[in-house]
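The values are calculated or read from the model by the stated rules, or taken from the named source; none is laboratory data. It should be emphasised that the depicted structure is a prediction, and the values quoted were computed from it without experimental measurement. A quick note on method: Cβ atoms are made from the backbone with ideal geometry, for glycine too, and the neighbour counts reach across all protein chains shown. Calculation scope for accessible area: heavy atoms of the full protein, side chains included, ligands and nucleic acids excluded. Shrake-Rupley method; radii C 1.70, N 1.55, O 1.52, S 1.80 Å.
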Amino acid sequence: MTRVLPWALTGLLLATAIAYPLTAGAARDAVSWSIVLLGAALAVVHASLSRRLGLAVLGTVALASVVFESVGLATGFPYGSYTYSDALGPTLLGVPFLVPLAWLMMAWPSWLLAHRLVPGSRIGRIAVAAYVFAAWDVVLDPQLVQAGYWTWAHPSPGLPGIDTVPLTNLAGWLLAGVVLMTALDLLAARRTPTLPDHAPCWRWPG
């Protein structure tokens with residue numbers, strides 16, 4: 001039964017993701033929340049079942065996300081100046097509750113992929129995980145800016161071909177990724193997994 005749960009959550013996540021481009025307005029907001037909640041739940045369940053680290057991973061990612069995001073909102077470092085809209089709901093230190101869950105949805109599979117690709121090198125594993133984590137945001141950020149979830153005060157100079165997201169955002173995510181993936185690696189790398197790291201297969205947002 002425990003091995004079925006991650007796959008069941010994966011199926012629900014994929015089905016919900018399919019609904020995203022088919023909705024608009026309040027319905028799309030609800031679908032977005034559902035995707036993040038399911039993705040975060042999947043990460044915690046997989047971390048719990050594979051390495052008995054569900055709560056530790058949740059706490060580590062939540063702390064890192066609130067620190068980086070609250071500092072970013074207050075100072076513009078390290079991402080650039082941005083503001084969240086009210087569509088993301090209640091906040092803590094200006095950070096919507098949904099944001100740490102979105103980090104969690106992205107962080108754990110990023111580390112798992114790096115662990116699978118670079119199992120013998122901590123530095124290489126952290127670098128790959130941070131790159132994947134930042135690349136995930138490069139895909140998501142323009143879509144969510146367009147959806148009105150946040151806005152950038154100074155989007156120029158922007159990412160190549162993207163005029164709504166500043167280049168500093170990528171640098172900020174790489175920095176945050178290195179810090180977070182170092183913490184996750186210290187937690188998880190020495191734990192022998194009881195589930196395959198590739199099971200379940202997380203979706204790449206698109």
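Just to verify a result, which residue in segment 39-75, among those that are free of Cβ contacts under 8 Å to residues at least 12 places away in the same chain and either outside any helix (DSSP H, G or I) or not small (G, A, S) (or both), is most open to solvent (accessible area, probe 1.4 Å)?
That would be L55.
Does G11 count as at negative phi and modelled with pLDDT under 90?
Yes: the conditions hold for G11.
Determine whether segment 131-148 contains at least one residue that is in contact (Cβ under 8 Å) with a residue 12 or more places away in the chain, over 26 Å from W108 (Cβ atoms) and among the β-branched types (V, I, T).
Looking for residues that are in contact (Cβ under 8 Å) with a residue 12 or more places away in the chain, over 26 Å from W108 (Cβ atoms) and among the β-branched types (V, I, T), one finds none in segment 131-148, hence no.
So that you can scan it fast, the table gives a plain yes or no per residue for (1) under 18 Å from S32 (Cβ atoms); (2) among the small types (G, A, S); (3) more than 18 Å from the chain's Cα centre (by Cα):
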{"residue": "L58", "(1), (2), (3)": "no, no, no"}
{"residue": "A74", "(1), (2), (3)": "no, yes, yes"}
{"residue": "Y84", "(1), (2), (3)": "yes, no, no"}
{"residue": "L88", "(1), (2), (3)": "yes, no, no"}
{"residue": "R125", "(1), (2), (3)": "no, no, no"}
{"residue": "A129", "(1), (2), (3)": "no, yes, no"}
{"residue": "L140", "(1), (2), (3)": "yes, no, no"}
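From the list L195, L174, L167, L187, which residue is at pLDDT 90 or above and either closer than 20 Å to V57 by Cβ or in contact with a Cys (Cβ under 7 Å, 6 or more places away or on another chain) (or both)?
Going through L195, L174, L167, L187 in turn, the sole match is L187.
Answer yes or no: is there a residue in segment 92-110 that is β-branched (V, I, T), farther than 21 Å from A24 by Cα and modelled with pLDDT under 95.
no
Return the total of residues in segment 76-86 being small (G, A, S) and buried (at least 18 other Cβ atoms within 10 Å of the Cβ).
The qualifying residues number 1.
So A19 passes all but one of these: (1) open to solvent by 50 Å² or more (accessible area, probe 1.4 Å); (2) farther than 24 Å from L184 by Cβ; (3) over 15 Å from the mean Cα position of the chain (by Cα). Which condition number does it fail?
(1)
Which ranges mark the helices (runs of 4 or more DSSP H) fully within segment 97-206 that have 3 or more residues being in contact with an Asp or Glu (Cβ under 7 Å, 6 or more places away or on another chain) and open to solvent by less than 60 Å² (accessible area, probe 1.4 Å)?
98-117
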